[in-house]
Amino acid sequence: MSADPTPARVDDWPVIDDPVSLDIVAALQVAPRVPASKLAEILDQPTTTVTRKLKRLQQERLVKAIGRFAWPLVTSGNPLQMWIRCQPGRAYEVAEELKQFPEIQFLMVTSGSADIYADLYPLLGSDANDLISRRIPSIPGIASARSQLVLRSPRVGQSWRLNRLTEQQRRELEGCTDPVVLPPFTRIEDLSEIDFRTLQELGSNSRISAADLGRKLSVSSSTAYRSMQVILGSGAISPRIEVEPAAVGFPLNANISLQVDPSAIPDVLADLSRHPSARMVSMVAGSASVTHNGAFTGPAQLADFITEDLGALQGVHSMDICIGLNVLRRYWMDRDGFRIGDQVQGILRRPDHLAD
């Protein structure tokens, strides 16, 4: 195995371990834009406590409120999954080169049948075929690379939950979400200048207020508010809370590829999507037919998942498992241990950018 199995500065990594902070994260996963006062009421905590703890989580870059862009506004096609084998000792060197591509949405150094696993999204103006057939395979240190097209993803990372809340708390939080009630935008060109800039700001901070947005865009608060309602109400962006699973007690990442009978694929996708470990469940076109990217508390939980949950699925013939040694990027944000970096540049592209 060529990858270095020892991530840097393990002893310096913080962990979110106090119950109130974990409840805050769990609540924000359901309602990322819930006001702090309402959040405190639902969690039965003083507003000052919730505000202070949330501020600390954000300042230490353990939690980040971002937005998930609607795919037609940022991509020209379906994503691809890539498995890369590297020359001995060069996995991290190759990974650093891969981080230079804004199309790489997720990046993880692994053990198993591959040294690196990556998700590649064909951003508007990108040539995905050139990326997977020439530019990426020609990176020094890569021995081989294979890819497969994602056909469908019934479960995405935004849906992953800590499962700490009561049913009553979940219902109250769901009432604090922004409903999608407007027709969707299907092209980035259809957004006005103000709406495009609002989309950018909500992408990097989905909890921004209308007043703060207005100051950033040099418009009135009422104009900013109306633009936010257009972007949120059309589903152009879906607010989400980003937290590294390891920071909240799920340090083991596993990417599991399954060969499944075609007739059994729908049931396998549905069963895997319901599993609490699931972050990304996809039907793919390649050497496998279904992939499951999951977060686990440790080897024992993964072992139970393999023998009990996967073992109970009908139509599964074989599996291949890659274990994450170090997550270097998740949802276009580079990671330093548990800490979340800024979103990479060049994801949201205007038409004039495409013409360059």
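The values are calculated or read from the model by the stated rules, or taken from the named source; none is laboratory data. Remember, it's a predicted structure, so these values are computed and weren't measured experimentally. When we count neighbours, we look across all protein chains shown, and the Cβ atoms used for this are built from the backbone with ideal geometry, even at glycine.
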request  = Please find, among R161, R146, R152, the residue that is surrounded by fewer than 16 Cβ atoms within 10 Å (Cβ to Cβ), in a loop (DSSP other than H, G, I, E, B), under 23 Å from the mean Cα position of the chain (by Cα) and touching a residue at least 60 places away in the same chain (Cβ under 8 Å).
outcome  = R161
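Yes/no per residue for (1) part of a loop (DSSP other than H, G, I, E, B); (2) over 23 Å from P245 (Cα atoms):
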site: V15; (1), (2): yes, no
site: L28; (1), (2): no, no
site: V34; (1), (2): yes, no
site: K38; (1), (2): no, yes
site: E41; (1), (2): no, yes
site: T51; (1), (2): no, no
site: Q58; (1), (2): no, no
site: I66; (1), (2): no, no
site: I84; (1), (2): no, yes
ask   = Has the stretch 328-347 got any residue that is surrounded by 16 or more Cβ atoms within 10 Å (Cβ to Cβ) and more than 16 Å from the chain's Cα centre (by Cα)?
value = no
task = Could you grab the pairs with beta carbons closer than 8 Å, sequence gap of 6+ or different chains, first residue in the stretch 68-89 and closer than 25 Å to V109 by Cβ and modelled with pLDDT of 95 or more, second one among the β-branched types (V, I, T) and assigned to a helix (DSSP H, G or I)?
result = L80/I132; M82/I132; I84/V94; C86/V94
inquiry  = surrounded by 12 or more Cβ atoms within 10 Å (Cβ to Cβ), farther than 23 Å from S234 by Cβ and free of Cβ contacts under 8 Å to residues at least 12 places away in the same chain: is that true of D127 in this structure?
reply    = yes
query = Based on what the data block shows, is D195 among the charged types (D, E, K, R) and touching a Gly at 6+ places or on another chain (Cβ under 6 Å)?
reply = no
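Scan T177, T166 and give me the residue that is closer than 22 Å to A31 by Cβ, touching a strand residue (DSSP E or B) at 6+ places or on another chain (Cβ under 9 Å) and surrounded by fewer than 16 Cβ atoms within 10 Å (Cβ to Cβ).
Residue meeting the stated conditions: T177.
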message = Within the stretch 249-356, considering only helices (runs of 4 or more DSSP H) that don't extend past its boundaries, which have at least 2 residues that are modelled with pLDDT under 95?
response = 351-355
request  = Enumerate the pairs (first residue in the stretch 241-261 and closer than 24 Å to W83 by Cβ; second residue anywhere and among the aromatic types (F, W, Y) and not in a strand (DSSP E or B)) with beta-carbon separation below 7 Å, excluding pairs fewer than 6 apart on the same chain, so at least 6 apart or on different chains.
outcome  = E244/F338; A246/F338
request  = Just give me the residues in the stretch 113-135 being farther than 18 Å from G346 by Cα, assigned to a loop (DSSP other than H, G, I, E, B) and hydrophobic (A, V, I, L, M, F, W, C), in sequence order.
outcome  = A114
task = Might you let me know whether the stretch 93-108 holds any residue that is crowded, with 22+ Cβ neighbours inside 10 Å and over 16 Å from the mean Cα position of the chain (by Cα)?
result = yes
ask   = Out of all the residues in the stretch 223-241, is one or more surrounded by fewer than 20 Cβ atoms within 10 Å (Cβ to Cβ) and at positive phi?
value = yes
